[in-house]
Amino acid sequence: MQASSDRASFPLEAALPKSTQGQGLQGLWLPGMESTLGAGIVVAETLQRQLPWLEDVWLWVTFLGDPKCIFFFYFPLAYYACRHVGISVFWITLLSEWLNLISKWFLFGDRPFWWVHESGYYSEAPAQVHQFPVSCETGPGSPSGHCMITGAALWPIMIATSGQVAKRSHSRWMKLMPSLAYSTFLLAVGLSRIFILAHFPHQVLGGLIAGALLGWFMTPRVPIDRPVSFYGLTALALLLGASLIYWTLISLGVDMTWSIHLASKWCERPEWVHMETRPFASLSRDSGAALGLGIALHSPWYAQVRRARLRILQQAACLLLVLGFLGILNWLGNPPQLSLFYIFNFLKFTLWPCLVTALVPWLVHSLSAQEGPPAKSK
C-alpha cells in the first residue's frame, strides 16, 4: 500500500480544448451529462479536502474491493468455510467481471482523472484534486467494476451468513447485521473509488445496483456438478464472445483503445499505469478461472477430499498454505510483453482454483489424517 507521500497533484486547467474522444456515449445519450460529471468532481474534491486523514483508509478499502482480491482472498476464505458458498463466489465473480467488461465497452464511461483535462468543462481552475498510484486504470469507467463485481460476488456470503445468524439468534438487529455489513462495505468501496478519481458517483451507483441484482439473480443458479466440458466450453465462450464483440465494434469504426490512450496521457506517473488494468487482462483471468474450476472439480485430488469435513485447524492451514502459494505467484511477477502477460495471467488463474479447491485441501487432509487404532486380534 502506497503512503500519501506517493500521491501527485494536478490543477484543473481553465479553457481546455474539448475532446470528443473522451466524451463516450454517455455524453451523446444524456443531456446535461457534463454537469453531472462536473458535480462528481466536486464530490471527489470534497472527499479529498474534507477527509484527508482517511486517505490510507480509502486506499485499503479500494484494495479490498478489487476483483483480484475476490479471487485471491474472499474465494478461498469462503470455500474453506463452505464449499458451495466458495464455488458460488468464484463463479459469480468470473461471470460478473466478464459482464462488467462488456458493459464498459458499450457505455464508454470517462474516468475523472483524465476527464478534468479532456472535457474543456472548466472555465476557472477549482481547487486541486489528486491522483494516487491506483487511480490510473486504463479501461472505461462505467459501471464501476469494484462495486459491480464485488457486490455480486459477496452476495452469496451475505446470504449464507444471514441464514446462519437467523438459526442462532432471534434478535431482529442481529439478523440484519450481515446485510448492513455488506451494504456498508460496498458504500465504502464506492466512496474510495470516487476519492481516488477512478470513478464518478453515477458510475459507482450503477455498479452497486448492477452488482446487487447480479448477486441476487445468480446465487441460486450457480452450476454445481457439471461435466468438465461445461467449464471448458464456458471458458471458450467467454473468450470468443468478448473477442467477437471487440472486433465487431472495431469494424464499426469504434476506437477500442481510446481509454488506454487517455489513461497513459494523463496519468501523472507512467509506472502507475499497470497492465493488469487493461480490459483483456480481466478476460484472460475469467476464462482461465472458468477452465481451472472445471479441472479442479474433476481432479483426483478433489475426489478424495470432496466429502471430507475439514476441522477448523485444517481450514486455517489450508488458508495459510494458499496465501503462501499466492506469495510465490506474486513473487514471480508479470512478463513485460503484453501478449506474454495475457498468457501468464490465463495460466495463473487456471492454476489458482486447482490449488484452492483440490491440491491444498488434499495435501492438508493427507498430512493431518490420523490412523485409526489397530484392530485387536481375537
Hits in the range 220-265 - residues which are among the β-branched types (Val, Ile, Thr) and either at pLDDT below 95 or more than 30 Å from Met158 (Cα to Cα) (or both): Val222, Ile224, Val228, Ile245, Thr248, Ile250, Val254, Thr257, Ile260
Flag for Tyr182 being buried (at least 16 other Cβ atoms within 10 Å of the Cβ), in contact (Cβ under 8 Å) with a residue 60 or more places away in the chain, aromatic (Phe, Trp, Tyr) and in contact with a helix residue (DSSP H, G or I) (Cβ under 6 Å, 6 or more places away or on another chain): no
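Okay, residues lined up against (1) in a helix (DSSP H, G or I); (2) within 19 Å of Val61 (Cβ to Cβ); (3) of a type outside the set (Val, Ile, Thr); (4) open to solvent by 50 Å² or more (accessible area, probe 1.4 Å):
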{"position": "Pro140", "(1), (2), (3), (4)": "no, no, yes, no"}
{"position": "Gly151", "(1), (2), (3), (4)": "yes, yes, yes, no"}
{"position": "Leu205", "(1), (2), (3), (4)": "yes, yes, yes, yes"}
{"position": "Leu208", "(1), (2), (3), (4)": "yes, yes, yes, no"}
{"position": "Leu214", "(1), (2), (3), (4)": "yes, no, yes, no"}
{"position": "Phe217", "(1), (2), (3), (4)": "yes, no, yes, yes"}
{"position": "Pro223", "(1), (2), (3), (4)": "no, no, yes, no"}
{"position": "Ser229", "(1), (2), (3), (4)": "yes, no, yes, yes"}
Lone unmet requirement of (1) open to solvent by less than 20 Å² (accessible area, probe 1.4 Å); (2) under 20 Å from His130 (Cα atoms) for Leu101: (2)
Selection within the range 239-292 - farther than 29 Å from Val129 by Cα and part of a loop (DSSP other than H, G, I, E, B): Leu252, Gly253, Val254
Conditions (1) touching a residue at least 40 places away in the same chain (Cβ under 8 Å); (2) within 20 Å of Phe63 (Cα to Cα); (3) part of a helix (DSSP H, G or I): number failed by Ile328: (1)
Residue pairs meeting the criteria (Cβ under 9 Å; at least 6 apart or on separate chains; first open to solvent by 80 Å² or more (accessible area, probe 1.4 Å), in the range 251-278; second of a type in the set (Phe, Trp, Tyr)): Lys265/Trp114; Glu268/Phe10; Glu268/Phe113
Whichever residue in the range 30-79 is among the charged types (D, E, K, R) and surrounded by fewer than 14 Cβ atoms within 10 Å (Cβ to Cβ) and, among such residues, is farthest from Ala153 (Cα to Cα): Arg49
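The values are calculated or read from the model by the stated rules, or taken from the named source; none is laboratory data. Predicted model, so just to flag it, every value in this text is computed and none were measured. Reconstructed Cβ throughout: ideal geometry from the backbone, glycine too, with neighbour counts over all protein chains shown. Surface accessibility is based on the protein's heavy atoms, side chains included, excluding ligands, DNA and RNA. Shrake-Rupley method; radii C 1.70, N 1.55, O 1.52, S 1.80 Å.
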